[in-house]
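Enquirer: Attaching a single structure in structure tokens format; questions to follow.
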Amino acid sequence: MSFLVELNKKFKYRRDVDQYGNRDAWFIMKQPPYVGDCEDYSLTLLYNLKGRSLLKMFLSLLIRESKILRCTVNGNGHAVLRYRGKYIDNNFKEWTTKKDMEERGSYVFSPWLYIPYQVCIKLISGFIKTR
């Protein structure tokens with residue numbers, strides 16, 4: 001079973017504020033049950049695409065092979081993983097195009113993305129806030 005199939009079957013969405021009492025806590029979910037929000041889904045998938053290696057994951061972000069994109073869906077903040085030109089998130093749960101997300105899912109993409117050092121800081125901050 002591919003990791004994406006496993007993640008989709010075992011992922012349960014839960015907002016950070018409901019789970020940790022913090023507004024924003026980013027995590028890589030390393031084992032089921034996978035409970036988290038859009039950023040956690042994207043980071044967990046990317047981490048596994050890169051062989052469960054933090055170094056390879058961050059290198060992928062640095063060389064822009066992958067990106068964590070900011071957007072809104074129905075007016076709510078959201079994050080989407082872009083990897084090698086394809087897009088995925090915890091709503092679609094399959095690889096698709098940006099155009100498809102915009103048309104079928106009412107996604108509005110921001111010109112801003114999370115740059116690699118922001119991802120690193122948010123992961124460290126999320127760990128500190130919830131421990």
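Enquirer: Rounded to the nearest 5, what % of the DSSP beta bridges within the chain are antiparallel ones? Before the final figure, lay out each step's value.
Expert: Values: 17 of 20 bridges.
Around 85 percent antiparallel, to the nearest 5.
Enquirer: While we're on this one: Please give the charge dipole size of the stretch 88-131, origin at the Cα centre, charges +1 on K and R Cβ atoms and -1 on D and E Cβ atoms. Round to the nearest 20 debye.
Expert: Computed charge dipole of the stretch 88-131: roughly 300 debye.
Enquirer: Ranked by accessible surface with a 1.4 Å probe, highest first, in what order do Val108, Val119 come?
Expert: Correct descending sequence by accessible area is Val108, Val119.
Enquirer: Further, regarding this structure: With a cut-off of 20 Å, note down the residues of the stretch 45-72 whose backbone N falls inside the zone around a label point 7 Å from the Cα of Lys98 toward its beta carbon.
Expert: Under 20 Å, as judged by backbone N against the label point of Lys98, lie 46, 60-72 of the stretch 45-72.
Enquirer: Convex hull over the Cα atoms of the stretch 63-131, averaged projected area in nm²?
Expert: Across all orientations, the stretch 63-131 yields a mean hull projection of 5.3 nm².
Enquirer: In vacuum, with every alpha carbon of the stretch 1-65 counted as one equal point scatterer, what does the Debye formula give for log10 I(q)/I(0) at q = 0.13 Å⁻¹? Two decimals, please.
Expert: So the normalised log intensities work out to -0.36.
Enquirer: Something else: Cα atoms only, the stretch 2-131: Rg and Dmax in Å?
Expert: Considering the stretch 2-131 through its Cα atoms, Rg and Dmax are 13.7, 40 Å.
The values are calculated or read from the model by the stated rules, or taken from the named source; none is laboratory data. Bear in mind the structure is a predicted one, so any value in this text is a computation, not a measurement. Virtual Cβ from ideal backbone geometry, glycine too; neighbours counted across all protein chains shown. Areas reflect the complete protein model, heavy atoms only, side chains present, ligands, DNA and RNA absent. Shrake-Rupley method; radii C 1.70, N 1.55, O 1.52, S 1.80 Å.
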